[in-house]
Amino acid sequence: MRKIISTVTSKGQVTIPVEVRRYPGLKTNDKVAFVISADGTVQLQAPRYPNIASLRGAAGSLERPMTWKQMKETAYKDRFKVQDDETE
C-alpha cells in the first residue's frame, strides 16, 4: 500500500496526483466519486457510469415498450416510495 499526499486549497480543491489518476484510468473531465464508509474511511472511485450515454442498456429491456402514461405513473410511484422510506 502506498500513501500519496496532496494539499487542500482554501477553496476546498485538491489536485489528484498523476499516479492516482492513472490507477483508475481517470482523464480530463472525468467524474470522480468519494465513497464515505461508516468507519470514516474515504475512497476515491471512477463512477461506473460517468455520463448519460454510458447508461444505455444498463437497466435491461422490457418485454413490451411502456406508454408515456405508464412511465409517468411508475416514476410517480417510485418518487413517493422513496419519500415514504426516508420519513420512516
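The values are calculated or read from the model by the stated rules, or taken from the named source; none is laboratory data. Just so you know, these numbers come straight off a predicted model, no measurement behind them. A quick note on method: Cβ atoms are made from the backbone with ideal geometry, for glycine too, and the neighbour counts reach across all protein chains shown.
Details
- Selection from the stretch 23-73 of residues that are assigned to a helix (DSSP H, G or I) and modelled with pLDDT under 90: ILE52, ALA53, SER54, LEU55
- Within the stretch 35-68, restricting attention to residues that are in contact with a strand residue (DSSP E or B) (Cβ under 7 Å, 6 or more places away or on another chain) and touching a residue at least 12 places away in the same chain (Cβ under 8 Å), the residue that is surrounded by the most Cβ atoms within 10 Å (Cβ to Cβ) is LEU44.
- Output for the stretch 13-44, where each listed residue is closer than 17 Å to ARG2 by Cβ and acidic (Asp, Glu): GLU19
- Residue, surrounded by the fewest Cβ atoms within 10 Å (Cβ to Cβ), within the stretch 1-34, restricted to residues that are in contact (Cβ under 8 Å) with a residue 12 or more places away in the chain and among the β-branched types (Val, Ile, Thr): ILE4
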